[in-house]
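Asker: Below are the structure tokens for one structure; questions will follow.
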Amino acid sequence: MDLDDLIRDGHLQRIKPSTELAEKEFSEADYDMGSARRALEEKDYKWATVKAYFAVFHSAKGILFLRGYREKAHFAVAEVLDNVCDDGKLENRYVADFKAALSARQGADYRYDYSERTATEIVKLAEEFLERMEKLRKKL
């Protein structure tokens, strides 16, 4: 979906790029990542999945703030990441990873569908995602 369409439809808002807001999001991502790891160790697979997604979400949201966008719907974050890929600054894998984490979180939250395997995979995915967003952040 085109970013202008997302803005028109109210799913995305243009803002002044903000390092300060981005810093807060990256801090939240780190906090959520720690919570996801602890939940996984405690065998709380639902919470590990949910928190790992939010680590992914907050780090991606930090990228949005650096690019001058505020999301109004979670799926819009993936669309902005896709736009970053189109600019040649991010590999498509990370858009797919964002969507996979979102889907796993929705499964855990809304359908009570979670497992040790899924939680382990999403926590690992989140760790790699955060690492990549940190590298991207330094280039924006």
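Asker: How about the stretch 6-38: which of its residues are part of a helix (DSSP H, G or I), under 15 Å from HIS74 (Cα atoms) and more than 18 Å from the chain's Cα centre (by Cα)?
Answerer: Matches in the stretch 6-38: ILE7 only.
Asker: Here is a follow-up. Which of (1) more than 20 Å from LEU66 (Cβ to Cβ); (2) free of Cβ contacts under 8 Å to residues at least 24 places away in the same chain is the odd one out, the single condition ILE122 does not satisfy?
Answerer: Unmet condition: (2).
Asker: Tell me which residues, restricted to the stretch 1-26, are out of contact with any Gly (no Cβ under 9 Å at 6 or more places or on another chain), surrounded by 13 or more Cβ atoms within 10 Å (Cβ to Cβ) and modelled with pLDDT of 95 or more.
Answerer: Of everything in the stretch 1-26, those that are out of contact with any Gly (no Cβ under 9 Å at 6 or more places or on another chain), surrounded by 13 or more Cβ atoms within 10 Å (Cβ to Cβ) and modelled with pLDDT of 95 or more turn out to be LEU3, LEU6, ILE7, HIS11, LEU12, GLN13.
Asker: Of everything in the stretch 86-98 that's part of a helix (DSSP H, G or I) and surrounded by 15 or more Cβ atoms within 10 Å (Cβ to Cβ), which residue is nearest to the chain's Cα centre (by Cα)?
Answerer: PHE98
Asker: Just the residues that are within 11 Å of the chain's Cα centre (by Cα), hydrophobic (A, V, I, L, M, F, W, C) and over 22 Å from ALA39 (Cα atoms), please, taken from the stretch 49-72.
Answerer: Passing the criteria: ILE63, LEU64.
Asker: Here is a follow-up. Return the residues of the stretch 101-129 that are assigned to a helix (DSSP H, G or I) and acidic (Asp, Glu); say none if nothing qualifies.
Answerer: Scanning the stretch 101-129 gives ASP109, GLU116, GLU121, GLU127, GLU128.
Asker: Please specify each residue of the stretch 73-85 satisfying the condition of being under 13 Å from the mean Cα position of the chain (by Cα) and touching a residue at least 24 places away in the same chain (Cβ under 8 Å).
Answerer: Hits for the stretch 73-85 are ALA73, HIS74, PHE75, ALA76, ALA78, GLU79, VAL80.
Asker: Please list, ordered by first then second residue, the pairs with beta carbon atoms under 7 Å, 6 or more apart or interchain, first in the stretch 7-18 and farther than 10 Å from PHE65 by Cα, second part of a strand (DSSP E or B).
Answerer: Short answer, once both residue conditions are applied: ILE7/GLN13; ILE7/ARG14; LEU12/TYR69; LEU12/GLU71; GLN13/TYR69; GLN13/ARG70.
Asker: Return the pairs, sorted by first residue and then second, in which the second residue is part of a helix (DSSP H, G or I) and of a type in the set (S, T, N, Q), the first residue lies in the stretch 25-54 and is within 26 Å of GLU71 (Cα to Cα) and in contact (Cβ under 8 Å) with a residue 24 or more places away in the chain, the beta carbons are less than 7 Å apart, and the residues are 6+ apart or on different chains.
Answerer: Matching pairs, first to second residue: GLU25/SER59; PHE26/SER59; ALA29/SER59; THR49/THR118.
Asker: Then there is this: Within the stretch 47-55, can one find any residue that is under 21 Å from GLU134 (Cα atoms) and touching a Cys at 6+ places or on another chain (Cβ under 8 Å)?
Answerer: So far as the stretch 47-55 goes, no, none of its residues is under 21 Å from GLU134 (Cα atoms) and touching a Cys at 6+ places or on another chain (Cβ under 8 Å).
The values are calculated or read from the model by the stated rules, or taken from the named source; none is laboratory data. What you are looking at is a predicted structure, and each value in this text was computed from that prediction instead of being measured. A quick note on method: Cβ atoms are made from the backbone with ideal geometry, for glycine too, and the neighbour counts reach across all protein chains shown.
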